[in-house]
Amino acid sequence: MSEFFLDYGLFLAKTLTIVVAILLVVGVSVVLSRRTRSLEKIEVKNLNDKFDTMEQVLQSQILAKKQWKKVVKENKSRKKAAEKKKEAGAQSRLYVLNFHGDIKATAAASLREEITAILTMAADKDEVLIRLENSGGIVHEHGLAASQLRRLRDAGIGLTVAVDKIAASGGYMMACVANKIIAAPFAVIGSIGVLAQLPNFHGLLTRHGIEFEQQTAGEFKRTITMFGKNTEKERAKLREQIEEMHEMFKDFVAEHRPQLDLAGVATGEHWYGARALALHLVDELQTSDDYLLEKSKTTDIYLLTYTAKKTVSEKLLSSVDAALERLGMRSWG
């Protein structure tokens with residue numbers, strides 16, 4: 001009997017330990033969630049200072065002492081002139097935003113806040129540069145991200161998109177909104193098409209005597225399914241929906257880049273920078289680094305970053321999305 005109570009006591013102790021551990025995890029998640037939400041902020045970094053510092057560090061080490069003293073004097077005069085221009089409001093500004101895309105375009109949440117911040121004070125003479133890296137994903141998520149960029153165009157602010165690596169599918173949907181697209185020579189551009197795919201386990205389930213049931217109201221509440229038997233009618237409906245989506249995509253691109261021969265480029269293919277330039281998918285071959293360095297000579301450049309630390313659950317979901325994206329890109333490569 002005493003052995004029974006001993007085992008029972010150990011069982012209770014283990015159960016309580018598990019319950020307490022779960023409560024602690026939930027409690028920590030809630031606390032982290034509240035704490036991180038309070039850390040939302042816009043960070044602004046002057047990139048002119050960065051370029052100046054890099055130049056001065058090199059000059060101080062390379063130039064002779066007399067030359068260096070002369071350069072320091074010239075830099076001081078240049079800075080004073082720039083300050084006067086700034087005070088008079090004559091100096092134009094370039095706002096730089098980074099957009100690193102994923103399947104769900106989760107960076108759109110930060111993008112909308114960054115654009116809202118810019119619109120509170122940007123003038124007609126100012127410009128926004130988006131350094132875009134996006135291989136596409138879910139249609140409506142990337143559609144929203146493209147709509148955020150459209151806000152800048154609608155406000156009369158010049159918009160340039162720089163593609164150093166890739167702007168494909170939903171990524172190009174975003175890029176095409178810009179007044180000007182620049183791309184590195186080997187950047188991947190295009191993929192104006194729509195894709196839908198999923199596995200079907202119906203045959204496997206049937207072989208193991210497993211039935212799958214699903215009740216719907218509405219003839220096309222769903223088209224194809226992963227577990228049920230798909231009919232030709234359902235497949236045809238899905239193809240119809242994909243074609244409709246493709247037409248919307250093409251109309252959107254045509255609206256913003258009327259110079260394109262859509263019949264030739266809206267085939268779902270992608271091209272590298274030089275060929276994309278010949279097809280008018282981009283306007284210039286140039287890296288974002290060269291563009292910024294060139295602009296720094298005449299313009300005040302500010303890098304904006306909206307930060308909102310994620311909750312524990314959001315971090316887990318983000319890790320899963322990133323893993324899936326890496327797998328997809330590896331297969332594509």
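The values are calculated or read from the model by the stated rules, or taken from the named source; none is laboratory data. Given the structure is predicted, the values throughout are model-derived calculations rather than measurements. For neighbour counting, all protein chains shown are included, and Cβ atoms are generated from backbone atoms with ideal geometry for every residue, glycine included.
Across region 147-157, a minimum of one residue is classified as within 21 Å of residue 47 (Cα to Cα), of a type in the set (Val, Ile, Thr) and crowded, with 17+ Cβ neighbours inside 10 Å. Scanning region 196-216 for residues that are among the hydrophobic types (A, V, I, L, M, F, W, C) and either outside any loop (DSSP other than H, G, I, E, B) or surrounded by 11 or more Cβ atoms within 10 Å (Cβ to Cβ) (or both) gives 196, 201, 204, 205, 210, 212.
Scanning region 263-291 for residues that are over 18 Å from residue 179 (Cα atoms) and part of a helix (DSSP H, G or I) gives 263, 264, 265, 274, 275, 289, 290.
Contact annotation: residue pairs with Cβ atoms under 9 Å, 6 or more positions apart or on different chains, pairing a residue in region 193-205 that is closer than 30 Å to residue 250 by Cα with a partner that is outside any loop (DSSP other than H, G, I, E, B) and among the aromatic types (Phe, Trp, Tyr), are 193/249; 194/249.
When 71, 128, 44, 57 are checked against the criterion of being of a type outside the set (D, E, K, R), under 20 Å from residue 294 (Cβ atoms) and modelled with pLDDT of 70 or more, 128 stands alone in meeting it.
Residue 36 meets all of the listed conditions (1) modelled with pLDDT of 85 or more; (2) among the β-branched types (Val, Ile, Thr); (3) under 25 Å from residue 117 (Cβ atoms) but one, namely (1). The set of residues from region 98-133 being touching a residue at least 60 places away in the same chain (Cβ under 8 Å), farther than 15 Å from residue 168 by Cα and acidic (Asp, Glu) comprises 113, 114, 127. Here region 231-260 is the region considered, the condition is being among the polar types (S, T, N, Q) and within 30 Å of residue 280 (Cβ to Cβ), and the residue that is surrounded by the most Cβ atoms within 10 Å (Cβ to Cβ) is 241. Could you count how many residues in region 275-290 are surrounded by 14 or more Cβ atoms within 10 Å (Cβ to Cβ) and of a type in the set (Gly, Ala, Ser)? Total meeting the criteria: 2. Among 240, 247, which is the only one that is outside any loop (DSSP other than H, G, I, E, B), free of Cβ contacts under 8 Å to residues at least 60 places away in the same chain and under 25 Å from the mean Cα position of the chain (by Cα)? That would be 247, the only listed residue that is outside any loop (DSSP other than H, G, I, E, B), free of Cβ contacts under 8 Å to residues at least 60 places away in the same chain and under 25 Å from the mean Cα position of the chain (by Cα). For the condition of a type in the set (Gly, Ala, Ser), assigned to a helix (DSSP H, G or I) and either in the same structural domain as residue 124 (by TED's automatic domain parsing) or farther than 15 Å from residue 281 by Cβ (or both), residue 228 does not qualify.
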